[in-house]
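Participant: I'd like to ask some things about the structure below.
Please treat every number below as a calculation from the coordinates, not as lab data. Note that the structure is predicted; figures quoted are calculated from it, not measured. With ideal geometry, Cβ positions are generated from the backbone for all residues, glycine too; neighbour counts draw on all protein chains shown.
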Amino acid sequence: MLSAPADGYTLALFSNGTAISVSLFKNLTFNPVTDFVPVSSMGYFDFIFVTQAGSPYPTLAEFIKAAKQKPGALNVGTINVGSTQNLAAQLFKSTAGIDVTIVPFRSSPEVLIALLRGDIQMAIENYSAVQSHIADKAAIAVSTSGPVRTTLLPDVPTVKEAGGGDFEARSWNAIFAPKGTPPEVIRTLNAALREVLDMPDLKKRALDLGIEAKASSPDEILDRLKADIGKWAEVIERAGIAKQ
């Protein structure tokens, strides 16, 4: 990828996981900030905090209260260590000031199975993974991870609203190009992405999957990448997660 021609025909799909990888891996073979140039964001999505139907914690405020009353007694399930969901759980522990056990699973279905059989008391997952369980009333959405409520679940408070402290964890996807790609090419690609991502049918389809389709300026997504590199580096260090 790094030796690919910088002509606008070879592009890279970056994500929040790209920002995390800077601190998670010992020998990352590229620097996402200096080896690439930004084109535009493509989409953003929040994570959903869910408890089991019939749980004694039908709200996030009640979960936080119980966690403070019984430190270490409650389990929160996520997919693998170092995923955005997993680091969001670590961040939540810190901002909410609680002691819970974060249990990693290999896949989203395993997380949801553990929740429904009571092995964990709360799960943090993306909308597409929990949508059917919420619709079937097998799980309760108690909070969302973004800075504002998601239009997918407008009645569900954000973590910050629910008393979880200064918390925000969003994932995103974006297009970057190899360093040296001409500015006029970047402008052309950005304009094309803005046009496509503003199509009503595409926006609706993306929203059905829990994704807010949204273009950005190159500077906006670069700033987001840099901010998330620093943010998740602090979370990884505080949680004592070993580099892979």
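Participant: Report relative contact order for the chain in percent, whole number only (criteria: Cα-Cα under 8 Å, sequence separation at least 6).
Facilitator: This gives 37 percent for the chain.
Participant: On to the next question. Classify the range 167-244 as rounded, prolate or oblate from the Cα gyration tensor: take a ≥ b ≥ c as the square roots of its eigenvalues, call it rounded if a/c is under 1.5, otherwise prolate when a/b beats b/c and oblate if not. List each step's numbers first, then the result.
Facilitator: Working: a/c = 3.00, a/b = 1.42, b/c = 2.11.
Oblate.
Participant: Can you tell me the order of 44-55, 123-134, 173-184 when each peptide is scored by its average per-residue count of other Cβ atoms within 10 angstrom, highest first?
Facilitator: Going from most to least packed, we get 44-55, 123-134, 173-184.
Participant: Under 5 Å between amide hydrogens, which residues at least 5 positions from Asn126 or on another chain qualify, with H placed 1.01 Å from N in the peptide plane?
Facilitator: Ile48
Participant: Here is a follow-up. Under 14 Å from the Cβ of Asn80, count the other residues' Cβ atoms, weight Lys and Arg +1, Asp and Glu -1, and hand me the total.
Facilitator: Net of charged neighbours comes to -1.
Participant: Straight-line reach from Lys137: which aspartates and glutamates fall under 12 Å, measuring Cα to Cα and dropping same-chain residues less than 8 apart?
Facilitator: Output for Lys137: empty list, no partners.
Participant: I've got another one for you. Where the only charges are on Cβ atoms (+1 Lys, Arg; -1 Asp, Glu), what is the dipole of the chain about its Cα centre, to the nearest 20 debye? Before the final figure, lay out each step's value.
Facilitator: Details: 23 positive and 25 negative charges, 97 e Å.
Here the size comes out at about 460 debye.
Participant: Then there is this: Take the alpha carbon atoms of the range 135-167, find their center, do the same for the range 6-20, and report the distance between the two centers in whole angstrom.
Facilitator: 30
Participant: Going Cα to Cα from Lys203, which aspartates and glutamates come in below 16 Å? Please leave out same-chain ones fewer than 8 positions away.
Facilitator: Answer for Lys203, where 16 Å is the Cα cut-off: Asp46, Glu195, Glu212, listed by chain and number.
Participant: Which of the lysines could a cross-linker span from Lys26 if the Cα-Cα distance has to be under 30 Å and same-chain partners fewer than 8 positions apart are dropped?
Facilitator: List returned: Lys93, Lys179, Lys226, Lys231, Lys243.
Participant: Round to a whole angstrom and tell me the spacing of the C-alpha centers of the range 35-67 and the range 180-244.
Facilitator: Here the answer is 19 Å between Cα centres.
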